[in-house]
Structures are given as structure tokens and as C-alpha cells.
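J.: Handing you a structure now.
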Amino acid sequence: MIKNFSADYILPVSGEPIRNGVVSINEAGEIIGIYENAYALELQGQTVEYHQGTIVPGFVNSHCHLELSHLHQKISKGAGLIAFIESIIGSKRVVEDDLVQEAMEKADQMMFENGIVAVGDICNTANSKKIKESSALYYHSYIELFGFNPEKVDELFDTGLAVKDEFGSLPTSIVPHAPYSVSKDLFRHLRHFCRDNDNVLTIHNQESDEENKFYRYKSGEFVGFYERMQFDIEFFKPQARDSIQSIVPLLSKKQKVLLVHNTYTSLKDISFVNRLDRNITWCFCPNANLYIENRLPKLDIFVANGLKMSLGTDSLASNDKLCMLSELKTISKHFPSISLDTSIAWATLNGAMHLGIDRKFGSLEVGKRPGLNLITAMDGLNLTEASAVSKLV
Ligand SMILES: [Zn+2]
């Protein structure tokens, strides 16, 4: 049966907003028509379901860690990235598998209910495999490599490949964790791997200013962190520039790259990266940034430079919920000049393009099956505190 949905606005993302437009969907959830108004359909005797609010495609969550879902409300807010990492490391040793599975199931369900249809999910194990196999959501699992010790490169890489194997036919790729936790040699190894494999990349970037201090001068809180972890960092030489400027040149030119957080990325860093020949999407997780560092990235400079941007929720360890609308609302509150008309692409199409799933997801176009969300309590094309999301399809 065909269903026709109309609302105050339709935001196709791939085109201009349509006031009082209509989206028609068949039984399989495929879009079979998008119309300027309901007039022609009603003339044909078709019924049209009218809603107050704005219809947008299903959301694509560019950055999540399903594995950390059991840490919901376990980690204190505003303590900074290093305290956060130490809490995560400390908590990993004392959890029962059943609790981890249960928390992941709930997180998957929460994302579904909040209108998320696809997720780029960071994994250190294959713990989430069962949930992903049966989920209504599309998942791409990024198998994350950690390791600053240059002598252990082969071993670390083999561990990553073993996790990838465990995921079987589910979509995966092998990725570096962060500039402060991956050695140059491991980056090099990964670049070789990227030459011969389809391996979409992501890396946490400049989530804390301590990362820049460490790269620039080998100083700041990371030095003490490595001491406490008993990591020997003798081999690391200060680079006299921000982490991103040292790291991006080490990444494969062949693969798309998603840089996540960018909380302490400067205009100078952006200019540097723009000169490199890389296909980069800049991913932001505003609620997690507020949770961990109580600070937001300078989104306006990314917008002014016309960069490709996307959004993620990060994990329940650093967010009260997994909800893309909530991320969009935070942006709208702190950057009132950015309307939903601009930011909607970050929550949908840009994330889908990075994952290579934009034939199906990310925009309202005939032939796609992107899911349909209704956002209510809008002020024109701006979100309000009261805005809420529900799934139409
Ligand atoms: Zn993350």
C-alpha cells in the first residue's frame, strides 16, 4: 500500500525545503514520489497524512561506541579527556558480559526509536556482532587499533584483523584510535593495508588540547598519563605542530577519512589539511564534548570554509542519550545562526556518503529507502527546546 506524508516542511537534504510538500512511500519503505503539494494526489482520490512539523530522512549516526553502553551515567561530567579515558580503562576490567549485551541492546533500541537508521560504530572487540546481525539499523563497525609501542605493530594489527574476521560478512574496516595512541609505524602499516583493501577510515581528532600540547612540545597531561600507564614514550619526538598536521599525511589517500570531535582544531589546522589531497568529513559530537571537556568545537569556522561535516552521538559513556536530534538542538542553541536547513545534512546525507550507503540512506529521493522522521515543535526551519522526533517510516 502506498502512503503519502505531508508536513509544514519536507527537507529532502538533496534539494531545497518544500513547504507543505508530500512524500510517497511504498510498502517496502521506498520513496516513489516527492510532490510540491497534495493537490494532484487528492484529485486521484489518494489519502494524505498531514503532520505539523518537518519531515526529514532517517538519521545517520557517524560516531558511536555501542560497546561502552553499560557505562551510561557511570562517568562524571566535565573532568576532561584524560580522566575520562582512565575511567574507561578502569571500568573495562569489572563487567559481566550479560550486562554489556543488555546495555547494547537497549542502546540499539534507543537509536531506533530516535529515528537513527545507520551507525558508524567503533569496536575494540566483536562483542556487538550478535546485536548488529539482528538490528533494524545498518551498522558499519570500525575495528579500532590502539598501540603506541612501535615494537608491537604486527601483533596489534593481527589482533585487529582477528576481530574483523569475527565480524564475518558484516561491514567493517580497520582504523586508528587517536593521534596519541597509535605509533607512526602502526599508521604506516595501516596505510599499506588501505592500498589493497576497501577500508573507510576514521580517527578521533583533537578532542582535548592536551593532544596538541603532547604533539607540539611533548608536554601536558598525556605525559603523566603514559607514566601512570607505564608506557615508555622515549621514542616519541615533539613535532612542533598540532597533532592533526602530523597525522593526516600518514593516512591513505585512497580511503575516505572521518575526523571525529575536532574540538581544538584551529583555522590554521583546517588550512593545512585543505592543502592535502584527502577526502575528509569532519564529524562532531557536541553533547559528548560538553560532557567530557565542557567545550564545543568552533563549528562556525568549518561552515565558513564550506567543509563536509557530519554528526555523531559518541557513546552512552559520554552522553545522556543516543539521539541525533538532541545533537542538532545543542548546535542550534549554541550556534543560533545555523538553521536545520544547514545542519540536517550533517545528521543524514554526509554521514551516509562517508559510509558509502547514500544510494539507500541520507536524503529524500525517489528510489531510496532512507526512513522518514517527523520533527515537531519547530519555529519555521529552526529547532526549539521543545522539538521532538518520531519515526513515520
Ligand atoms: Zn569516540
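The values are calculated or read from the model by the stated rules, or taken from the named source; none is laboratory data. Small disclaimer: the values here were computed from a predicted structure and weren't measured. Glycine also receives a Cβ, built like all others from the backbone with ideal geometry; neighbour counts cover every protein chain displayed. Side chains included, ligands, DNA and RNA excluded: accessible areas come from the protein's heavy atoms. Shrake-Rupley method; radii C 1.70, N 1.55, O 1.52, S 1.80 Å.
J.: Is there any pair with a first residue in region 353-380 that is in contact (Cβ under 8 Å) with a residue 24 or more places away in the chain and a second that is assigned to a helix (DSSP H, G or I) whose Cβ atoms are under 6 Å apart and which are 6 or more apart or on different chains, and what are they?
T.: From region 353-380, the pairs are PHE361/ALA352; GLY362/LEU349; GLY362/ALA352; SER363/LEU349.
J.: Mind telling me which of the residues LEU156, LEU186, LEU161, LEU201 ends up being closer than 26 Å to MET353 by Cα, surrounded by 16 or more Cβ atoms within 10 Å (Cβ to Cβ) and assigned by TED's automatic domain parsing to the domain that holds ILE82?
T.: Of LEU156, LEU186, LEU161, LEU201, the one residue that is closer than 26 Å to MET353 by Cα, surrounded by 16 or more Cβ atoms within 10 Å (Cβ to Cβ) and assigned by TED's automatic domain parsing to the domain that holds ILE82 is LEU201.
J.: Considering only region 90-127, how many residues are among the polar types (S, T, N, Q) and not in a helix (DSSP H, G or I)?
T.: Qualifying residue count, region 90-127: 4.
J.: Are there any pairs, at least 6 apart or on different chains, whose C-beta atoms fall under 6 Å, with the first in region 255-283 and assigned by TED's automatic domain parsing to the domain that holds ASN305 and modelled with pLDDT of 95 or more and the second crowded, with 19+ Cβ neighbours inside 10 Å and small (Gly, Ala, Ser), and if so, which?
T.: THR281/SER310; CYS283/SER62; CYS283/SER310; CYS283/GLY312
J.: If a residue must be within 16 Å of the ligand (Cβ to nearest atom) and open to solvent by less than 10 Å² (accessible area, probe 1.4 Å), how many such residues does region 280-313 contain?
T.: 14
J.: While we're here: Looking at (1) in a loop (DSSP other than H, G, I, E, B); (2) not assigned by TED's automatic domain parsing to the domain that holds ASP121, find the lone condition where SER390 falls short.
T.: Evaluating SER390 over (1) in a loop (DSSP other than H, G, I, E, B); (2) not assigned by TED's automatic domain parsing to the domain that holds ASP121 leaves (1) as the failure.
J.: Looking only at region 36-59, count how many residues are surrounded by 15 or more Cβ atoms within 10 Å (Cβ to Cβ) and either part of a helix (DSSP H, G or I) or within 16 Å of the ligand (Cβ to nearest atom) (or both).
T.: The number of residues fulfilling the criteria is 1.
J.: A follow-up question, please. Which one is farthest from the chain's Cα centre (by Cα), of the residues in region 10-35 that are part of a strand (DSSP E or B) and surrounded by fewer than 20 Cβ atoms within 10 Å (Cβ to Cβ)?
T.: To start, the set of residues in region 10-35 that are part of a strand (DSSP E or B) comprises 10, 18-19, 22-25, 31-35.
Now drop any that are not surrounded by fewer than 20 Cβ atoms within 10 Å (Cβ to Cβ), which leaves 19, 24, 32-35.
On the way: ARG19: 29, SER24: 29, ILE32: 29, GLY33: 29, ILE34: 28, TYR35: 31 Å.
Only one residue tops the list, namely TYR35.
J.: Of the conditions (1) at pLDDT 95 or above; (2) open to solvent by 10 Å² or more (accessible area, probe 1.4 Å); (3) not aliphatic (A, V, I, L, M), SER62 satisfies every one except a single condition; which number is it?
T.: In the conditions (1) at pLDDT 95 or above; (2) open to solvent by 10 Å² or more (accessible area, probe 1.4 Å); (3) not aliphatic (A, V, I, L, M), SER62 misses (2) alone.
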